[in-house]
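First comes the structure, then the notes that go with it.
The values are calculated or read from the model by the stated rules, or taken from the named source; none is laboratory data. Worth saying up front: this structure is predicted, and the values here are computed from it rather than measured. Cβ coordinates were reconstructed from backbone atoms using ideal geometry, including for glycine residues, and neighbour counts include every protein chain displayed. For accessibility, only protein heavy atoms count, side chains too; no ligands or nucleic acids. Shrake-Rupley method; radii C 1.70, N 1.55, O 1.52, S 1.80 Å.
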Amino acid sequence: MARRRRTEPTVAAPPANDATPRDTTPPGAKRMWLAGLEGPRGLACLCVILVHVAVHYTPGILNATRLDFLGQALTFFFVLSGFLLYLPFIKRLESGSSAPDTAKYFVSRVRRVFPGYLFIFVISNFVLQASYLVSPVTVGWADGDEGTGMITNPLNLLAQFTLTQSLFPSTLQTGLNPAWSLTTEWGFYLVLPVIGFATFALRGRIQLSAYRLALIGPAVLLVIGVVTNYIVSLLQAAHPEYSPLEAYWGPNWIAVLSRSFLALADNFAIGMVAAVVFVALGRGAAATWSTARIQWLLAASMFGFTFASLAAFVLNPRFLPTIFSVAAASLILLIIAPLARGERSWIAVATDWRPLRYVGTISLSMYLWHYPVMILAERFHLPVQNSPIGLVWGLVAVSLITLVLASATFHFVEKPAMNWRA
């Protein structure tokens, strides 16, 4: 745990995923990257790759160990997005400044996601011909090459190029399979400025503190997520012809709804709440509590909700992501709570371990490239046994190849796009 020591926050390398981790530096002052969050982002990316490798190559190990729980790492990404992107709104709301520039916000989101995504899709589809033509749920994963090739249908291509493929049953899970989550992210990107506008419009009109006012938007998203998930459960019960896998991932409208921003809005909402807590800590909230005490409470919350998530995973996974979101938010605050007070975070120093931090930096490309890599590995008959050793070998092989491709994409496509100024 961090000692109560006044010093400058540790600074991490610039992020390379869906959001920009910044501290709560007052508007107009020089900004710094929040330390400690790139490593967990990299670890989450590797967890997703591990699950997918297990699904494709070692289903026996997957079923015996239930490694698919690690797929909740994707929930961590959603929570982190909610946290990072809501921070500028809260800072400005609390300081009495105007709302962030919406045009600049959207331009930054486009430049952050689309250059890397479009480059990887074009290469994977037209050069490698390693895109999913149909949902893999319909063909299974016994042969990872089944149902793949080059998308040529104009409407399907239009959906892929605009990241709207997850909004239609016929294109759900096609193209770059993991890219469905980017569609969900964009749902949040579009809604966040609306929440910000409404929040700033209410400032001065209702007698609430800035922090309570900032919690209204997340509360609305939390309700939307919980209600939508309940509706999905009713629809799934009304259509027993769909297996659980098909009802969540198959080419049908129920699966589209279950993968939509509406169903996952609560994940982002929990991250937004964490952002409010972070800014409040930086402005003197819980001043009588030591940083160590706050971190112990956050650690207890993280472990408690992680165990609750494991129980939900076994008993009733309906609201598993919602529960895990609290654990993810607790982890984020555990790492950076000292930074809010201008103290050094020893946990952030540990999570900024250079190899993991680098994976976190290039995690968007890692996330998108690993599926085409697995498809090509199947075509070239990469030998992977259905055993623990086979799982480790498959993870290492896929990760290393993906790392090379992702590094090139980040340095020659993503980074120039982020640094470009009109």
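See the values below:
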{"quantity": "Criterion (over 20 Å from the mean Cα position of the chain (by Cα) and not β-branched (Val, Ile, Thr)) met by exactly one of ALA274, ALA287, ALA265", "calculated": "ALA287"}
{"quantity": "Inter-residue pairs, beta-carbon under 8 Å, first at negative phi and in the stretch 160-175, second open to solvent by 10 Å² or more (accessible area, probe 1.4 Å) and of a type in the set (D, E, K, R), 6+ apart", "calculated": "SER166/ARG259; LEU172/ARG259"}
{"quantity": "Residue count for the stretch 199-218, restricted to those that are under 20 Å from LEU281 (Cα atoms) and in a helix (DSSP H, G or I)", "calculated": "8"}
{"quantity": "Pair list, Cβ < 7 Å and 6+ apart or interchain, from the stretch 270-289 residues that are free of Cβ contacts under 8 Å to residues at least 40 places away in the same chain to residues that are among the β-branched types (Val, Ile, Thr)", "calculated": "ALA286/ILE294"}
{"quantity": "Number of the condition not met by ILE206 [criteria: (1) exposed (fewer than 14 other Cβ atoms within 10 Å of the Cβ); (2) in contact with a helix residue (DSSP H, G or I) (Cβ under 8 Å, 6 or more places away or on another chain); (3) at pLDDT 95 or above]", "calculated": "(3)"}
{"quantity": "Some residue of the stretch 11-27 being among the hydrophobic types (A, V, I, L, M, F, W, C), at pLDDT 90 or above and buried (at least 16 other Cβ atoms within 10 Å of the Cβ)", "calculated": "no"}
{"quantity": "In the stretch 391-422, residue surrounded by the fewest Cβ atoms within 10 Å (Cβ to Cβ) [restricted to those that are closer than 30 Å to LEU67 by Cα and among the aromatic types (Phe, Trp, Tyr)]", "calculated": "TRP393"}
{"quantity": "All helices (runs of 4 or more DSSP H) inside the stretch 231-299 with 1 or more residues being surrounded by fewer than 16 Cβ atoms within 10 Å (Cβ to Cβ) and not basic (Lys, Arg)", "calculated": "244-249, 253-258"}
{"quantity": "Any hit, the stretch 113-131, residues being out of contact with any Gly (no Cβ under 9 Å at 6 or more places or on another chain) and within 24 Å of ILE224 (Cβ to Cβ)", "calculated": "yes"}
{"quantity": "Unique residue being modelled with pLDDT of 95 or more and over 18 Å from PHE119 (Cα atoms) when the list is ILE401, ILE332, ILE362", "calculated": "ILE332"}
{"quantity": "Condition broken by TRP369, with the remaining ones in (1) within 18 Å of the chain's Cα centre (by Cα); (2) among the aromatic types (Phe, Trp, Tyr); (3) within 18 Å of LEU67 (Cα to Cα) satisfied", "calculated": "(3)"}
{"quantity": "Looking only at the stretch 134-167, and only at residues there that are among the aliphatic types (A, V, I, L, M) and under 21 Å from SER258 (Cα atoms), the one that is most open to solvent (accessible area, probe 1.4 Å)", "calculated": "LEU167"}
{"quantity": "Residue identified as within 19 Å of THR183 (Cα to Cα) and either at pLDDT 95 or above or among the aliphatic types (A, V, I, L, M) (or both) among LEU320, LEU257", "calculated": "LEU257"}
{"quantity": "Residue selected from the stretch 340-371 under the condition over 14 Å from GLY36 (Cβ atoms) and of a type in the set (Ser, Thr, Tyr), by the criterion most open to solvent (accessible area, probe 1.4 Å)", "calculated": "TYR358"}
{"quantity": "Selection count where residues are surrounded by fewer than 24 Cβ atoms within 10 Å (Cβ to Cβ), in contact (Cβ under 8 Å) with a residue 40 or more places away in the chain and in a helix (DSSP H, G or I), scope the stretch 55-66", "calculated": "5"}
